[in-house]
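*Asks:* Here it is, the structure in full.
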């Protein structure tokens, strides 16, 4: 597994994933939604002073193009990440007939168009960086030592809402489905060149918006055969494995982790 990992989105799951990667000795870049959260997250993921260079925290606001462009410049400044976990998602909840069209358009610009802008920059950088690695690989092959073929691995954290939205989640579901389609297509188009993708659809998670929803609607867990919400740590551990070399054959597809909820009528 290459040394530089990128986590887009410093949510609770993203933080747990960052800890797993840092504990392996990796260099990790993680993005947060505002500048005020940079120091907060660095403190939460505290490393010994001599190892502080292994963690970078960069503000990235999907709603602001200048923020996206600035973050991409900073992300790529220290070399192209070969492992990317996308945990970002802007917030918009409301009934389809009630939300103003301009608000919906701005939301999709952030959740879909800005995400494409980021994936475009990352995959092009991965492909450009792979040229040098392929040259080195030819020398290795001549010596009888085959190098790793994978040059990039991207994993998207989606939601079962993409298929089964609750009332008020129509825009969230549509944006999640669109992002899933982007990742699926990247895996179809770029796997021959060593870049693979997958999506993890998580069910109810006991963190962030999921925890708040379950506090207000505890009866929702009756629809989950497992009988409980997912812990953010276990979702992060699954993302961690999906980023690994062992999982790169799981490409251009969706894996559901919801305790069996979507298996039921």
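None of the figures in this text is laboratory data; all of them are computed from the coordinates on show. Just so you know, these numbers come straight off a predicted model, no measurement behind them. Methodologically, a virtual Cβ is constructed for each residue, glycine included, from the backbone with ideal geometry; neighbour enumeration extends over all protein chains shown.
*Asks:* Rounded to the nearest 10 degrees, what's the angle between the helix 232-242 long axis and the longest principal axis of the chain, both from Cα atoms, 0 to 90?
*Replies:* It works out to around 40 degrees.
*Asks:* Quick one: compute the contact order of the stretch 220-265, relative version, from alpha carbon pairs under 8 angstrom and 6+ residues apart, as a percent.
*Replies:* Averaging sequence separation for qualifying contacts and normalising by length gives 60 percent for the stretch 220-265.
*Asks:* Which ordering of 265, 35 is given by a fewest-first count of other beta-carbon atoms within 10 Å?
*Replies:* 265, 35
*Asks:* Cα axis of helix 65-77 to longest principal axis of the chain: angle in degrees, 0 to 90, nearest 10?
*Replies:* Result, in degrees: 30.
*Asks:* Quick one: if the Förster radius is 22 Å, what FRET efficiency do residue 226 and residue 91 give, using the C-beta to C-beta distance and rounding to 0.05?
*Replies:* So the FRET efficiency works out to roughly 0.25.
*Asks:* Could you please state, rounded to a whole Å, how far the C-alpha centre of the stretch 50-76 is from the C-alpha centre of the stretch 227-265?
*Replies:* 26 Å
*Asks:* So what's the gap between the Cα centers of the stretch 160-175 and the stretch 29-46, to the nearest angstrom?
*Replies:* 28 Å
*Asks:* What's the angle, to the nearest 10 degrees (0 to 90), between helix 114-142's Cα axis and the longest principal axis of the chain?
*Replies:* The angle comes out near 30 degrees.
*Asks:* Could I ask something else about it? Percentage of Cα-Cα pair distances in the stretch 220-260 greater than 12 Å, rounded to whole percent?
*Replies:* Result for the distance tail: 66 percent.
*Asks:* Subtract the Cα-Cα distance of residue 36 and residue 99 from 0.36 nm times their separation in residues, and report this length gain in nm to one decimal.
*Replies:* Gain on extension, residue 36 to residue 99, equals 19.8 nm.
*Asks:* For the chain, what does -39500 (n - 2.57) per DSSP helix run (n ≥ 4), summed and divided by total residues, give at 222 nm, in deg cm²/dmol to the nearest 500?
*Replies:* Theoretical 222 nm ellipticity from helices: -13500 deg cm²/dmol.
*Asks:* Tell me, what is the percent relative contact order of the chain, built from C-alpha pairs under 8 Å that lie six or more residues apart?
*Replies:* Worked out over the chain, it gives 20 percent.
*Asks:* Taking every eigenvalue of the Cα gyration tensor of the stretch 57-106, multiplying by 5 and rooting it, what semi-axes result, largest first, whole Å?
*Replies:* With the √(5λ) rule applied to the stretch 57-106, the semi-axes are 30, 13, 7 Å.
*Asks:* Let me ask you something else. Across 10 Å bins from 0, what is the distribution of all Cα-Cα pair distances for the stretch 1-120, in whole percents?
*Replies:* 13, 43, 30, 11, 3, 0
*Asks:* Separate question: Can you tell me, using C-alpha contacts under 8 Å and at least 6 residues apart, the relative contact order of the stretch 157-265 as a whole percent?
*Replies:* It rounds to 34 percent for the stretch 157-265.
*Asks:* Another one. Given a cut-off of 36 Å, what percent of all Cα-Cα pairs of the chain lie beyond it?
*Replies:* The calculated P(r) of the chain puts 14 percent of pairs beyond 36 Å.
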